[in-house]
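Reviewing the structure listed below.
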Amino acid sequence: MIIHRKTWQRDAIMAIMADETDFRSAQQVHAALIEAGQTVGLATVYRNLQTLTELGELDSLRSEEGETLYRRCAAQRHHHHLVCRNCGYTVDIQDDQLERWIGQISQRYQFSDIEHIADVFGLCANCVKQPAK
């Protein structure tokens, strides 16, 4: 078990993420820290975002472009996301049917120690209503 000590950088990142409801990139978090007067390197932000994700303090997902995005998440148990690819609106999804299916498919192919992430991208109802530009 790795013990992670408390750092001011991690506290500063969590303060930035506390009021955010949308997923943010490491670059966006870094820019917000700089704007808030914190002197912190981008590499430090990346490392701390990864650590906070591993500790379960932040959620992460990979955007359609392949960029990792982060958000402080209210859901306390394993869950997935529906993400609007236009505006970024995100809904946490906890679906026991999906979990059962993953368990069944894992058994069928004799896989164990399963970890999975299921993020679904589409358009939210508000974005569908907007006229095309």
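The values are calculated or read from the model by the stated rules, or taken from the named source; none is laboratory data. Since the structure is predicted, the reported quantities are computational estimates derived from the model, not experimental observations. Glycine also receives a Cβ, built like all others from the backbone with ideal geometry; neighbour counts cover every protein chain displayed.
Couple of notes before you dig in:
- Residue within the range 96-116 that is in contact (Cβ under 8 Å) with a residue 12 or more places away in the chain, out of contact with any helix residue (DSSP H, G or I) (no Cβ under 9 Å at 6 or more places or on another chain), loosely packed, with under 12 Cβ neighbours inside 10 Å and part of a loop (DSSP other than H, G, I, E, B) present: no
- Residue tally, condition without any contact (Cβ under 8 Å) to a residue 40 or more places away in the chain, hydrophobic (A, V, I, L, M, F, W, C) and either touching a Cys at 6+ places or on another chain (Cβ under 9 Å) or surrounded by 13 or more Cβ atoms within 10 Å (Cβ to Cβ) (or both), over the range 75-91: 1
- Only listed residue being of a type in the set (Ser, Thr, Tyr), out of contact with any Pro (no Cβ under 9 Å at 6 or more places or on another chain), closer than 28 Å to ARG85 by Cα and not assigned by TED's automatic domain parsing to the domain that holds ARG85, chosen from THR51, THR39: THR51
Residue-by-condition table, conditions (1) crowded, with 17+ Cβ neighbours inside 10 Å; (2) under 10 Å from the mean Cα position of the chain (by Cα):
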position: GLU20; (1), (2): no, no
position: VAL29; (1), (2): yes, no
position: LEU33; (1), (2): yes, no
position: ASN48; (1), (2): yes, no
position: GLU54; (1), (2): no, no
position: ASP59; (1), (2): yes, yes
position: THR68; (1), (2): no, yes
position: ARG71; (1), (2): yes, yes
position: ILE93; (1), (2): no, no
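- Flag for GLN104 being assigned by TED's automatic domain parsing to the domain that holds ASN126 and either more than 29 Å from VAL128 (Cα to Cα) or among the charged types (D, E, K, R) (or both): yes
- Members of the range 99-125 that are farther than 21 Å from SER63 by Cβ and in contact with a His (Cβ under 8 Å, 6 or more places away or on another chain): GLU99, ILE102
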